[in-house]
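Notes follow the structure.
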Amino acid sequence: MKVSMTCLTKAAAMIVSLALPFAQAASAAEPLSAIGKGEGALNIVAWEGYAQDDWVKPFEAKTGCKVNRKYAGSSDEMVALMRSGGGGQYDLVSASGDATLRLIYGHNVQPINIALIPAWTNFIPALQGPSFNTVKGVHYGVSYEWGPNTLLYNTQKVTPVPTSWSVIYDEANKGKITVPDNPIQIADAALYLSKTDPSLGITDPYELTQPQMDAVVTLLKKQRPLIRKYWALASDEIDLFRNGDVTLGAAWPYQTNTLQAAKVPVADTLPTEGVTGWADTWMVSAKSPHPNCAYEWINYVTTPYVQAQQAIYFGETPANTLACAEMDKQQAGSCKQYHADAGASYFDQIHFWKTPLKACGNGQSNCLDYGAWQRAWQEIKG
Amino acid sequence: MRFDLAKTLLWASVIVILLFLFVPVAIIMVYAFSASNIQGWPIQSFSLQWFARTFADDEVRAALFLSVEVAVVATALAMLMGLLAALAVYRLRGPGSEAIAFAVVLPIALPGILTGMALNSYFVLWGINLSFWTIVIGHGTFCTVIVYNNVIARLRRLPPSWAEASGDLGAGPWRTFRLITLPMLGSALGAGALLAFALSFDEVIVTTFTAGAQTTLPLWIFGAIRLGQHLPEVNVVVCVVILLTILPVLLAQRLMGRAALLHK
Amino acid sequence: MPASASLSGLLWRRPAWRVAALISLPAIWFVLFYLAALAAMFVSSFHTVDELSGQIQPGWTLDNFRQLLGDWTYGRIALRTVGIAAAVTLTDGLLAWPFAYVMARYAGPRLRPALMALVMLPLWSSYLARVYAWRLILAHDGALNWLLHGLGLPAASIGYSNWAMWIVFTYLWLPFMILPLFAALERIPPSLLEASSDLGAAGWRTFRRVIVPLAMPGLVAGSIFTFSLTLGDYITPLLVGGPGSDFIGNVVYSNVGVSNNIPFAAAFAVLPLLVMAGYLLIARKLGAFDAL
């Protein structure tokens with residue numbers, strides 16, 4: 001069997017022609033006008049701790065929508081999953097404020113008919129139409145819960161109780177520190193620098209110019225040899241604390257709650273420099289195969305009862321103001337503990353995650369966009 | 001005397017290597033009985049609760065069934081295509097044959113992440129939604145090469161005179177194949193299929209890139225690890241899978257060992 | 001069945017046609033679902049991505065490659081990946097020898113299949129669960145330090161480091177080295193070894209002059225697996241690596257699965273493609289393809 005040269009060329013040409021793209025139009029979906037019969041299944045992308053059996057099982061029993069969960073540990077991962085395979089794999093995502101706009105402008109999510117979400121009228125005003133999920137008056141999602149990124153520490157090994165983020169940049173704690181493996185972590189360092197080095201002029205930790213970014217990168221590169229591990233999965237940090245590998249870390253309240261439940265001596269605190277945080281939104285995929293189940297889910301998880309379950313489980317604050325009483329019913333004092341009664345002043349203290357853009361808030365356009373943040377992060381962790 | 005010392009040392013290293021291979025497996029099995037959902041050493045208290053929970057967990061069951069389905073379909077495809085490819089490449093002569101023999105092993109010689117991301121971007125390009133079948137496509141390719149390798153290795157060691165004799169005795173090619181070639185290839189095909197099944201069943205990297213919302217068992221395990229809430233369920237599942245496979249694997253090895261002896 | 005009989009007769013008379021008929025199905029599959037996908041990946045490495053919408057911008061640009069070459073970070077990651085892959089391959093090559101040798105030479109007809117099954121068995125216990133088990137072993141308060149403490153030895157601090165990755169990779173891929181090496185050793189006729197010792201060669205010399213050269217194809221075949229599997233992994237670095245443990249796979253994965261920058265990932269993936277292509281060409285010279 002002789003293979004001639006022309007034959008090979010032809011074969012190669014054929015293979016390349018298979019590899020050439022053809023355009024694919026994105027469809028603009030109209031919001032649902034009424035919730036119809038459930039489709040029997042629901043594929044969701046959620047943060048760890050956002051789809052617990054405690055409320056997934058009752059939801060399945062009530063609506064007949066079988067929930068298929070996929071966990072993601074960063075906003076980037078959520079965006080990638082919602083876009084994977086051209087979209088249409090997943091129905092819902094619990095996107096944080098730094099992912100929502102990317103999903104909206106990428107046409108990956110559909111507008112929401114807010115009239116179909118009765119709990120919405122009871123949301124705190126700041127979350128009824130926040131700029132990160134509502135564009136030109138069109139709602140692209142329904143707010144869910146929000147909370148701060150905390151400083152987690154081992155209560156037996158770390159004394160006195162830390163009050164500043166400086167402990168995670170301190171040579172004395174070498175090899176005992178863990179921070180998230182996530183470019184948005186740059187904002188935490190920027191927030192710290194905005195207080196410790198005012199001359200840099202950092203006003204918003206998500207709006208960094210090149211010289212400001214250089215200073216942050218220098219700080220984080222100096223931090224690298226002190227790090228035991230950059231945690232990528234929530235369980236990484238849980239294991240690191242449980243097995244004595246680290247005593248300090250940047251964390252979510254989820255890790256604190258899970259570790260405390262397992263009787264590991266840890267506590268978390270909000271350092272004086274301030275904290276970053278998240279405000280999450282349930283968004284429906286533009287190509288959602290099960291939109292009715294998606295709406296059913298949003299309605300179910302925004303009820304005061306589930307809002308309270310979620311808040312207590314993860315250690316965060318519900319969007320629905322009616323959840324406060326329900327929280328105290330489920331766990332005495334939890335409404336106050338998780339700030340469900342605190343209102344606007346506490347909300348304003350948290351520097352919520354948002355997507356870094358070229359345009360700074362002050363009208364200038366010399367800030368670094370998220371692509372630059374990702375590259376800087378790769379450079380930092382090496 | 002000196003030779004015996006060498007032999008003793010060799011046997012000792014075999015034991016050490018077996019320990020190296022099996023200590024982690026033993027640890028997995030022991031943690032299935034841990035009471036706590038967060039794993040630390042040593043285990044504080046023991047319990048059977050995770051067995052009950054795992055058997056009641058319908059997500060685990062669905063993931064297990066999906067993995068078996070994928071592995072069965074991928075292995076069946078691989079047996080057919082691997083056999084065909086081996087028979088053809090074995091007969092190939094000439095300048096093209098070397099290149100083809102080289103190209104065919106690429107799917108197992110190149111890292112899975114290449115296959116995975118190549119397929120992923122390829123499916124996106126064509127607007128193909130990720131599904132059960134895209135997983136099967138990803139697995140089928142490397143499984144085919146596994147089967148192919150086993151079969152072609154056997155073919156190269158078979159005396160061609162057998163098939164010729166059959167032809168001389170008037171048997172057609174199909175009959176020769178059915179009565180002579182296939183039985184002689186049987187155990188190689190079986191060994192290839194077993195390995196292909198095992199690799200497909202436990203594949204993570206290619207699957208991560210080719211699965212959509214489908215959750216195979218390894219993907220479920222990865223989810224459980226990242227969530228960190230019900231880790232011992234992972235240990236229970238692995239225990240059960242080992243117990244279910246240990247007998248077939250042992251049996252297959254014995255049968256193949258016997259077949260190999262017969263051929264000598 | 002006259003039609004099928006005549007078809008089969010035709011195939012019998014024309015051997016080339018018969019080969020073509022056999023190979024058509026696997027060949028179509030291979031071209032459609034493998035080569036074309038690799039080509040698509042290669043083509044997309046010249047594209048770029050719009051950062052906000054995530055849409056791929058077709059076109060021909062070397063930006064991705066320029067960025068890779070312009071930033072030493074990626075060079076370090078590539079060197080780390082290839083270096084650890086080489087270290088793992090060497091270690092597995094050394095560890096596999098005594099095991100494969102005993103299996104091929106000393107184990108009886110009952111023990112041999114048992115040893116074989118034992119080598120295969122870890123392949124049936126989830127890869128992920130085994131990596132995770134190593135995390136428990138190597139952690140600060142893990143099984144290893146517990147044992148060392150019991151023996152009165154100082155604690156080892158190798159959890160979440162490149163050392164941990166080296167150990168875990170060596171562990172994971174050892175069966176893939178043992179099996180082809182065993183197959184190669186098994187094929188050496190005992191008469192050849194007897195002849196060598198009859199001619200007065202001592203045990204070591206027979207080993208070096210006769211056994212090693214004959215086992216070489218098997219060893220190289222095994223090394224293709226250990227090298228390639230390490231080269232493309234990203235989960236082990238994720239689970240047991242420390243700071244500064246990213247592999248090429250981690251960058252590729254995070255660009256596909258996290259930042260959705262397929263063109264950049266594709267550009268970086270070209271590197272392992274080239275490394276493996278070179279490795280395979282050398283391996284073929286050493287006759288490893290008959291031993292795969």
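General remarks:
- Ranked packing of A:181-190, C:275-284, most packed first, by mean Cβ within 10 Å: A:181-190, C:275-284
- Here the contact order of the range C:65-290, divided by its residue count and restricted to Cα pairs under 8 Å and six or more residues apart, works out to 27 percent.
- Projected label distance in nm at A:Thr163 and C:Leu286, using a 7 Å step from Cα toward the beta-carbon: 6.4
- Cβ-Cβ distance of B:Phe132 and B:Val240, R₀ of 25 Å, FRET efficiency by 1/(1 + (r/R0)^6): the value works out to about 0.60.
- GNM top mover of C:Pro237, C:Pro272, C:Pro190 - chain C, alpha-carbon springs below 10 Å: C:Pro190
- Packing-based ranking, highest mean first, of C:212-221, A:139-148, B:147-156 given that Cβ atoms within 10 Å are counted: A:139-148, B:147-156, C:212-221
- Average beta carbon contacts from partner chains per residue of C:39-47, 10 Å cutoff: 6
- Per-peptide average of other Cβ atoms within 10 Å, ordering B:224-233, A:219-228 highest first: B:224-233, A:219-228
- For the range A:309-376 versus the range B:83-111, the inter-centroid distance based on Cα atoms is 58 Å.
- Put the Cα centre of the range B:36-74 next to the Cα centre of the range A:278-306 and the gap is 28 Å.
- Isotropic mean projected area of the C-alpha convex hull, the protein assembly as shown (nm²): 42.7
- Diffusion coefficient, µm² s⁻¹, Stokes-Einstein with Kirkwood Rh over alpha-carbon pairs of the range C:65-290 at 20 °C and 1.002 mPa s: 109
- Between the beta carbons of C:Leu32 and A:Lys336, assuming R0 = 45 Å, the FRET efficiency works out to 0.15 to the nearest 0.05.
- For chain A, the relative contact order comes to 25 percent (Cα pairs under 8 Å, sequence separation of at least 6).
- With all protein chains kept in place, the per residue accessible area of the range A:139-186 amounts to 35 square angstrom at a probe of 1.4 angstrom.
- Which of A:Trp165, A:Ile104, A:Trp146, positive extreme of dipole for the range A:83-173 (C-beta unit charges): A:Ile104
- DSSP bridge pairs, the protein assembly as shown: antiparallel proportion in percent, nearest 5: 60
- Sorted largest first by accessible area at a 1.4 angstrom probe radius, with every protein chain in place, the residues A:Glu296, A:Glu237 fall in the order A:Glu296, A:Glu237.
- Contact surface A-B: accessible area buried, both sides summed, square angstrom, 1.4 angstrom probe: 2900
- Whole-number percent relative contact order across the range A:68-129, with pairs defined as alpha carbons under 8 Å at least 6 apart: 24
- DSSP beta bridge pairing in chain A, given as percent antiparallel to the nearest 5: 60
- Rounded Å value of the spacing that divides the Cα centres of the range C:52-120 and the range A:97-176: 39
- Per-residue [θ]222 nm for chain A (sum of -39500 (n - 2.57) over DSSP H runs n ≥ 4, rounded to 500): -10500 deg cm²/dmol
- Cα gyration tensor, the range C:10-115 - rounded (a/c under 1.5), prolate or oblate: oblate
- Shielding of peptide A:226-236 by partners, expressed as the average count of other chain Cβ atoms within 10 Å per residue Cβ, is 6.
- Residues of the range C:66-101 with amide N under 18 Å of a point placed 7 Å along Cα→Cβ from C:Leu274: C:66-83
- Averaged over B:100-109, number of beta-carbon atoms from partner chains that fall within 10 Å: 6
- Pairs spanning more than 26 Å between alpha-carbon atoms, out of A:Lys287/A:Lys358; A:Lys62/A:Lys287; A:Lys62/A:Lys354; A:Lys62/A:Lys336; A:Lys136/A:Lys336; A:Lys136/A:Lys358: A:Lys287/A:Lys358; A:Lys62/A:Lys354; A:Lys62/A:Lys336; A:Lys136/A:Lys336.
The values are calculated or read from the model by the stated rules, or taken from the named source; none is laboratory data. Predicted, not measured: the structure shown is a model, and the values here were computed from it. A quick note on method: Cβ atoms are made from the backbone with ideal geometry, for glycine too, and the neighbour counts reach across all protein chains shown. Areas reflect the complete protein model, heavy atoms only, side chains present, ligands, DNA and RNA absent. Shrake-Rupley method; radii C 1.70, N 1.55, O 1.52, S 1.80 Å.
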